[in-house]
Each structure stands twice: as C-alpha cells, then as structure tokens.
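Visitor: Handing you this structure, nothing more for now.
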Amino acid sequence: MANLLNEEVSKQIKEALSPMQNEITMVLFTKESGCNTCEETEQLLTEVKALNDKISVEVKDIDKDKEDVEKYHITDVPTFVILDDNKKYKGVKFQGIPAGHEINSFLSAMVFMSGLDLGLDQKIVERLSKITKPIDIKVFVTLSCPHCPGAVATAHSLAMLNENIEASMIEAQTFQQLSVKHNVSGVPKIIINDEFELVGNHPIDAFLTELEKI
Amino acid sequence: MFNFSIDKKTQSSEFDQIKKWDFLVVGGGPAGLNAALYAKRKGLKVGIIVNEIGGQLNNTTWVDNYIGFSMIEGEELSNKFLDHVKQLEVPILKGVYVQGIEQVKQDFNVSVSNGKEYTTKTLLLATGGEPRKLGVTGEKEFTNKGVTYCATCDAPFFKDKHVIVAGGGNSAVEGVIDLVPWASKITLVHRSQFRADKILLDKLNDIDKLDIHLETQIISVVGNEQMTGIQALDKHTNEKKLIKADGLLIEIGTEANSKLIKDIVETNEREEIKVDLNQMTSVPGLFAAGDVTEQPFKQIIISAAEGAKAALAVNQYLIQIYKGE
Ligand SMILES: Cc1cc2nc3c(=O)[nH]c(=O)nc-3n(C[C@H](O)[C@H](O)[C@H](O)COP(=O)(O)OP(=O)(O)OC[C@H]3O[C@@H](n4cnc5c(N)ncnc54)[C@H](O)[C@@H]3O)c2cc1C
C-alpha cells in the first residue's frame with residue numbers, strides 16, 4: 001500500500017511530536033478478517049512511529065489476545081490505547097482511525113502521554129483527584145468535524161490525570177452500531193457512563209463539573 | 001486525509017513566565033491572528049489565548065473572496081494565517097476558554113479554563129460569533145437529533161437523507177453545496193429573499209435534488225426521538241405546511257460572542273460591541289475586532305483588517321495614554 005503520510009505531512013507530525021518527553025507504547029487491536037479500517041489504522045500507527053523514536057507499537061488480535069482485551073476493555077476493532085513509559089494504561093483510547101481532524105487529538109494524546117505538562121492549574125488537578133467513581137467517557141466524532149479534537153483532547157486529559165477515568169474517541173461512521181445505540185446524529189457528542197449526555201466542546205472545568213455530579 | 005491545525009501546543013509554562021503582558025488577544029480567528037501579527041511586529045509583548053485556532057474559518061469549506069487567494073479552503077487559509085503568526089514566535093495558549101475579564105486599575109486580569117490567570121495592559125476581544133439560533137419550538141430539543149449548525153461536522157449523518165437548510169445568505173448556500181455529496185434531497189427554506197452573492201447562487205442551478213422555498217418562515221421543528229420535519233408558514237398564501245425531513249441545517253448568520261465583556265462595555269441591541277475608529281470599546285485599553293463588533297459585514301478580510309487596526313491602536317495607546325507600570 002502507498003504511504004498514508006506524504007513528506008509534507010510527515011514533517012508536520014514530526015514537528016508536532018518534538019515536545020515528547022518519555023517513551024510511549026501504542027497497543028492496537030485488529031482482527032484477521034471483517035475489519036475494513038484495521039489495516040489503514042495499523043499503517044498510520046506504524047508510519048507515525050517511524051517519525052519519533054520514543055514511540056513503539058504493538059499489534060494484538062481481539063479474538064486471540066484475550067488477556068489484553070480484558071485489561072484495556074476492548075470491545076471492537078480497530079481500537080488502540082496509548083500507554084505511558086511504564087506501560088501503564090491511563091484510560092486513553094481511540095476507536096477508529098484518527099485521521100482527518102482527529103490527527104490533532106492523536107498528536108495531543110501522544111505528546112501528553114509522554115509526560116509533557118498539561119498546563120492545568122493545581123486547583124483543577126485537585127478537583128479531579130477527588131473523583132473516585134469509575135467514569136467512562138465516550139466522545140463521538142466524525143473526521144470532518146473541526147470542533148471534535150478539542151473535546152477528545154479534554155476527555156483524554158481528564159483520563160490521564162485520574163485513574164478512575166477512561167476516555168475514548170469513537171469515530172461514528174466506523175462504529176455505526178454504537179453510534180445508533182447512543183443516538184448520535186451530531187458531533188461532538190459526549191456520553192458519560194453510557195447514561196449522561198453532553199453536546200459540543202466544553203472547557204475542562206465544565207466537563208469536570210459534570211463528572212462531579214455523578 | 002489529514003486536517004492539521006499545525007501547532008505545537010504552547011507549553012503553558014512559556015505563557016506563565018510573563019508577569020504582565022502588553023497585549024493579550026482573546027480569540028484566534030482572522031481578527032485575533034492578524035492583531036497578534038501586527039502587534040508583534042511593533043515589538044509588543046503579545047500572546048493569544050484561544051479555544052480553537054481559525055474560528056469560523058474551520059466551518060467554511062471554500063473561501064473565494066479573500067483577495068489573493070481564489071477558492072481556498074477555509075482551513076488552509078487559517079493554517080496560512082497561523083504559519084505567518086508562528087514565524088514571529090507569538091506565544092499561543094490554545095484549547096482553553098477565557099472565562100472572565102476583570103479590570104484592575106488600568107490593567108486587565110484574564111481568567112482561563114486551565115484555572116490560571118494572566119494580567120495585561122491592553123486586551124483585544126476577538127471572540128467572533130456563534131451560529132444564530134432560529135428561536136423556534138423544537139429547535140433545542142432536536143439539536144444533534146437532526147438539527148445542526150455545522151454542515152462539515154454532521155454531513156456524514158445525512159447520507160441518503162432529506163435535509164432542510166434554513167437561511168438565505170452565503171453560508172446557507174455553502175451549506176447546501178456541502179450537503180450535496182451526502183443528502184438524497186435538500187430543501188432550502190428562507191423567510192425572505194436570497195442575500196447570497198450571485199456567483200454562489202448560480203451554483204444552485206445545477207443541483208437537481210434541491211428545492212427552494214423562499215418567503216417561508218420556519219415555525220417549529222417536529223419529531224419524536226429524532227426530528228421528522230418542520231412546520232413552516234408560506235408567507236404568500238399564509239398557509240402552514242409540514243415539510244418532512246431527517247435533518248435541519250441552520251445557517252442564518254452569527255450571534256456576537258460578547259458575553260465576556262458585554263456588561264462592562266457599550267453594546268448595541270444585538271449585544272454586539274460598540275467600538276470607536278480605533279476599535280477601542282467604551283473602556284480604555286479594552287479593544288474589540290471582527291464579528292464580535294457592531295460592524296455589519298461579517299467577513300474574513302474585514303475581521304482581519306479590524307484586528308490590524310486594533311493592534312496599531314493598542315501600540316499608540318501604550319505609548320501615549322497608558323499610565324500603569
Ligand atoms: C459557514 C460559514 C461560511 C463563511 N464563508 C465566508 C466566506 O466565504 N468569506 C468570508 O469572508 N467570510 C465567510 N464567513 C464569515 C467569516 O468566517 C467570519 O466573518 C470570520 O471568521 C470572523 O472572524 P473573527 O476573528 O472575528 O471571529 P471567529 O472566526 O468567529 O473566531 C473567534 C475566535 O475566538 C475564539 N473564542 C471564542 N470565545 C472564546 C473564549 N471564551 N475563550 C477563548 N477563545 C474564544 C474561537 O475559538 C475563535 O478562535 C463564513 C462564516 C460561516 C459560518
């Protein structure tokens with residue numbers, strides 16, 4: 001297959017990844033057949049990995065690597081998680097290929113998972129640390145949505161800072177069944193614990209206020 | 001296949017190092033970016049605080065009226081603006097919202113959703129606009145259940161569906177064009193006559209699946225779980241009619257995003273900010289530019305130009321009027 005990233009795009013990604021601090025690992029789940037976008041997603045991850053030596057990629061099979069499927073709560077493919085330098089899962093997940101506008105949330109997730117300071121004031125970090133219930137955040141996106149990467153990046157930063165929080169970007173067209181289940185017909189749409197809905201992009205403290213209500 | 005908003009996130013530490021800014025710009029659309037460019041060239045200590053670089057340019061597929069660029073994608077134009085600003089190394093704090101602006105003596109304190117506060121001698125509000133709402137029953141209830149304000153974001157959900165587009169200006173016509181690859185049928189509904197440029201209107205002639213209802217006012221959005229149609233009033237016959245549809249794209253212009261300062265400066269009845277010839281609001285040192293102001297023609301080039309004016313005026317203000325430290 002031809003390269004997904006041409007020279008120009010590679011250069012931009014390389015530059016965007018230059019603030020990376022420590023190593024990260026991306027664990028991608030695919031399956032042998034019946035997955036239209038698995039190959040493309042794997043190719044994207046592999047090509048991005050080649051642009052920064054702090055990145056490694058592991059590819060797993062959803063039907064075979066049961067232990068990992070359970071560990072990272074994988075439900076469908078293609079899905080990948082990003083682990084920190086201790087290979088710890090901090091709840092940062094992507095369901096579907098982060099192409100189009102989502103390249104931005106993908107870059108942001110890598111850079112911040114590598115340990116770059118999220119730049120949040122201590123007040124916010126403290127509020128966040130008080131959340132003790134398990135929280136699952138689904139952020140539905142389309143790849144043509146310019147406002148979506150912001151919502152995904154906010155959800156991911158909440159996950160990075162609190163181990164009870166898991167946050168996933170879900171590409172609505174690839175994960176159509178899930179989108180239908182959650183009545184997604186506009187994005188970004190955020191579903192918390194499969195129950196509460198938030199529409200649009202929100203500042204981190206507003207997001208946090210929603211989580212505090214749960 | 002990739003839409004970058006090319007930028008390394010400014011490390012917030014870089015932003016935090018400066019105790020007092022000469023000039024902080026809130027917003028990174030055409031107005032804010034151009035203001036920063038001009039201010040930096042004057043040697044001012046300037047920074048941008050922005051939620052989403054590009055602003056409304058991101059919602060615009062094609063721009064064909066910014067001189068020097070024919071038929072450029074909104075996003076590409078935004079990237080060109082940003083590139084230019086980045087060459088001058090203007091610090092940008094992005095992905096955050098400004099949540100409060102307070103005047104303290106001659107200065108301004110700006111509080112941001114990352115929990116931090118920054119102080120500046122002068123401030124520009126270039127927060128642009130948000131999609132104007134129709135204000136009819138059912139609109140809110142069915143938002144994201146068929147009702148949308150962003151054609152590019154939500155067009156994929158309208159594959160093989162019937163979508164109504166509300167509005168008669170350029171952005172409504174562009175909305176129709178954005179939906180063509182997806183929708184099976186498009187109906188444009190507008191309460192009066194077209195305001196869009198002729199060059200754009202001509203493009204509608206070739207779209208077979210488009211129906212146009214002018215002088216037709218939307219009264220309500222109806223549906224159950226999802227929207228199923230609209231009630232509209234035909235102003236010629238004075239008859240109400242139900243138009244069945246799966247989606248409604250509302251493109252009826254913008255509302256000024258002025259809430260941060262509307263209580264401390266003069267505004268007009270639409271809550272757009274009043275400014276003088278130098279883009280200064282009724283509060284000295286506090287400037288506004290672009291779609292957030294009273295200026296009636298909401299355009300990229302006009303917003304960018306207002307940003308430039310504001311920056312030059314800020315420079316003058318700092319030299320001639322500012323008395324703080
Ligand atoms: C669909 C559509 C098509 C259009 N087509 C054209 C066209 O072809 N040609 C043309 O000339 N014009 C067009 N326009 C109009 C043009 O996009 C606007 O006039 C222009 O973008 C206004 O620029 P601005 O900088 O004033 O504001 P905006 O572009 O609205 O930018 C506002 C900025 O402020 C930020 N912001 C807002 N609130 C906050 C906050 N609290 N904290 C931090 N940041 C904040 C936003 O993230 C954004 O960066 C179109 C508009 C739309 C919606």
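Visitor: Tell me, which helices (runs of 4 or more DSSP H) wholly within the range A:1-109 include 3 or more residues that are buried (at least 23 other Cβ atoms within 10 Å of the Cβ)?
Guide: So the answer is A:38-49.
Visitor: All but one of (1) under 17 Å from B:Ser113 (Cα atoms); (2) modelled with pLDDT under 95; (3) part of a helix (DSSP H, G or I) hold for A:Val180; which doesn't?
Guide: (1)
Visitor: In the range B:106-145, what count of residues is obtained for those that are within 16 Å of the ligand (Cβ to nearest atom) and among the hydroxyl-bearing types (Ser, Thr, Tyr)?
Guide: Total satisfying the criteria: 5.
Visitor: So which of B:Asn51, B:Asn3, B:Asn59 ends up being open to solvent by less than 60 Å² (accessible area, probe 1.4 Å), within 14 Å of chain A (Cβ to nearest Cβ) and away from the ligand (no atom under 15 Å from the Cβ)?
Guide: Answer to the check: B:Asn3.
Visitor: Let me ask something else. Given the conditions (1) facing chain A (nearest Cβ under 9 Å); (2) open to solvent by 20 Å² or more (accessible area, probe 1.4 Å); (3) within 23 Å of B:Ser113 (Cβ to Cβ), report the number of the one that B:Lys45 does not fulfil.
Guide: So B:Lys45 meets the others, but not (1).
Visitor: Okay, next question. Is there a residue in the range A:163-181 that is away from chain B (no Cβ under 13 Å), on the phi < 0 side of the Ramachandran plot, crowded, with 21+ Cβ neighbours inside 10 Å and of a type in the set (D, E, K, R)?
Guide: Within the range A:163-181, one or more residues are away from chain B (no Cβ under 13 Å), on the phi < 0 side of the Ramachandran plot, crowded, with 21+ Cβ neighbours inside 10 Å and of a type in the set (D, E, K, R).
Visitor: With the condition being within 10 Å of the ligand (Cβ to nearest atom) and either touching a residue at least 12 places away in the same chain (Cβ under 8 Å) or within 14 Å of chain A (Cβ to nearest Cβ) (or both), I'd like the strands (runs of 3 or more DSSP E) fully within the range B:226-325 carrying at least 2 qualifying residues.
Guide: Output list reads B:254-256.
Visitor: Next question. Taking the criterion of being closer than 30 Å to B:Ile252 by Cα and of a type in the set (Lys, Arg), would at least one residue in the range B:38-56 satisfy it?
Guide: Among the residues of the range B:38-56, not one is closer than 30 Å to B:Ile252 by Cα and of a type in the set (Lys, Arg), which makes the answer no.
Visitor: Moving to a separate point now. Regarding A:Gly119, is this residue open to solvent by less than 10 Å² (accessible area, probe 1.4 Å) and part of a loop (DSSP other than H, G, I, E, B)?
Guide: Yes: the conditions hold for A:Gly119.
Visitor: When only residues in the range B:151-178 that are within 15 Å of B:Ile252 (Cβ to Cβ) and of a type in the set (S, T, N, Q) count, which is nearest to the chain's Cα centre (by Cα)?
Guide: Once the filter is applied, the top-ranked residue is B:Ser171.
Results for (1) surrounded by fewer than 21 Cβ atoms within 10 Å (Cβ to Cβ); (2) not assigned by TED's automatic domain parsing to the domain that holds B:Ile218, shown as yes or no for each residue.
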site: B:Gly115; (1), (2): yes, yes
site: B:Tyr149; (1), (2): no, no
site: B:His162; (1), (2): yes, no
site: B:Gly167; (1), (2): no, no
site: B:Leu179; (1), (2): no, no
site: B:Leu188; (1), (2): no, no
site: B:Lys198; (1), (2): yes, no
site: B:Asp206; (1), (2): yes, no
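Visitor: Could you list all residues from the range B:135-171 that are within 14 Å of chain A (Cβ to nearest Cβ) and hydroxyl-bearing (Ser, Thr, Tyr)?
Guide: B:Thr143, B:Thr148, B:Tyr149, B:Thr152
The values are calculated or read from the model by the stated rules, or taken from the named source; none is laboratory data. Keep in mind that this is a model prediction, so the values were computed, not measured. Note that we place each Cβ from the backbone using ideal geometry, even for glycine, and neighbour counts take in every protein chain shown. Accessible surface areas use protein heavy atoms only, side chains included; no ligands, DNA or RNA. Shrake-Rupley method; radii C 1.70, N 1.55, O 1.52, S 1.80 Å.
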